[in-house]
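Everything on this sheet refers to the single structure shown next.
Any read-out appearing in this document is the output of simple, stated calculations on the displayed coordinates, not a laboratory observation. Remember, it's a predicted structure, so these values are computed and weren't measured experimentally. Quick reminder, even Gly has a Cβ in these numbers, built from the backbone with ideal geometry, and neighbours come from all protein chains shown.
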Amino acid sequence: MVMHEGRGDLHTVTSVDTVAAHPALRERAVTLDAAARACDAVARLFDSTEPHPEVFRLLSNELALLSSNPAHARPANGLAFRLKLLLAAGILPQLATCVGCGSAEHLQGFSAAAGGVVCSSCEAAAFPLGEESYTFLVAALGNPLAQAPDASELALRQAERAISDTAEHHVQVRLRPLLQAS
């Protein structure tokens with residue numbers, strides 16, 4: 001896209017070339033919704049005029065995966081994408097050890113205010129984070145988007161809460177939920 005910067009806040013678009021239109025996204029409601037939620041999360045977390053090429057590449061990868069494989073529209077993939085967005089935004093929660101005492105054992109809670117996972121001794125202001133949820137968060141961060149791990153609905157709900165609470169606490173951004181309330 002080529003834009004001309006005017007005197008005010010508005011810019012004039014002078015030319016645009018489509019690089020990848022991803023037409024398959026529009027063939028299924030589930031992929032279109034997943035793509036819209038991915039774009040919405042990017043817009044909310046990176047609401048600035050500063051360029052973020054790593055975020056653009058991450059979003060482009062997510063859209064390509066959604067376009068090529070409708071199964072990628074599952075919530076686990078959306079959560080893995082959001083976790084990687086937190087990393088790009090510089091607000092990734094600590095997952096390796098307890099943010100309170102540094103222990104690597106008995107990690108049973110999550111506190112966005114504290115900055116990540118907490119052990120059973122430090123979990124006073126945290127919400128419960130099951131072992132499956134913890135494992136999902138670590139694996140989702142460590143694997144490529146195309147290889148997001150599977151997890152139970154409860155584990156995904158806890159992971160979504162950890163991701164959403166982190167975004168809300170650190171950058172005052174509320175992300176649209178991926179999982180439907182039951």
Inset, instruction - May I ask for the angle, rounded to the nearest 10°, between helix 29-45 and the longest principal axis of the chain, with both axes built from Cα atoms and the value confined to 0 to 90°? - result: 80 degrees
Inset, instruction - With everything on Cα atoms, drop me the angle between helix 53-68 and the longest principal axis of the chain, reported from 0 to 90° to the nearest 10. - result: 90 degrees
Inset, instruction - Could you tell me which of rounded, prolate or oblate describes the stretch 1-94, using a ≥ b ≥ c as the square roots of the eigenvalues of the alpha-carbon gyration tensor, with rounded for a/c under 1.5 and, failing that, prolate when a/b is larger than b/c and oblate otherwise? - result: oblate
Inset, instruction - Could you work out the relative contact order of the chain, using alpha carbon pairs under 8 angstrom and six or more residues apart, expressed as a whole percent? - result: 19 percent
Inset, instruction - With springs only between Cα atoms under 10 Å apart, run a GNM on the chain and tell me which of Asp47, Asp150, Asp165 wobbles the most. - result: Asp47
Inset, instruction - Counting helices only, and only those DSSP H runs with n ≥ 4, report the 222 nm mean residue ellipticity of the chain as the sum of -39,500 (n - 2.57) divided by its residues, in deg cm²/dmol to the nearest 500. - result: -14500 deg cm²/dmol
Inset, instruction - Determine, from the Cβ-Cβ distance of Phe127 and Gln147 and an R0 of 22 Å, the FRET efficiency 1/(1 + (r/R0)^6), rounded to the nearest 0.05. - result: 0.20
Legend entry - Cut-off 15 Å between beta-carbons: net charge of the residues surrounding Ser48, Lys and Arg +1, Asp and Glu -1: -3
Inset, instruction - For a label point 7 Å from the Cα of Ala139 along Cα→C-beta, name the residues of the stretch 106-131 whose backbone N is under 14 Å from it. - result: 131
Inset, instruction - Kindly give Rg over Rh for the stretch 63-182, based on alpha-carbon atoms, with the Kirkwood expression for the hydrodynamic radius. - result: 0.96
Inset, instruction - Find how much the distance from Asp17 to Ala43 grows on full extension, using 0.36 nm per residue of separation minus their present alpha carbon separation; answer in nm with one decimal. - result: 7.2 nm
Inset, instruction - Convert each backbone phi in the stretch 5-15 into a coupling constant with the Karplus relation 6.51 cos²θ - 1.76 cosθ + 1.60 (shift: θ = phi - 60°), then list the ³J(HN,Hα) values in order as whole Hz, x for Gly and Pro. - result: 7, x, 7, x, 7, 8, 10, 9, 7, 9, 6
Inset, instruction - Sort Val42, Val138 so the one with the fewest other Cβ atoms within 10 Å of its own Cβ comes first. - result: Val138, Val42
Legend entry - Ascending count of other beta-carbon atoms within 10 Å, so fewest first, for Cys101, Cys119, Cys39: Cys101, Cys39, Cys119
Inset, instruction - Using Cβ-Cβ distances only, list the Cys residues of the chain with no partner cysteine under 4.7 Å, sorted by number. - result: Cys39, Cys101, Cys122
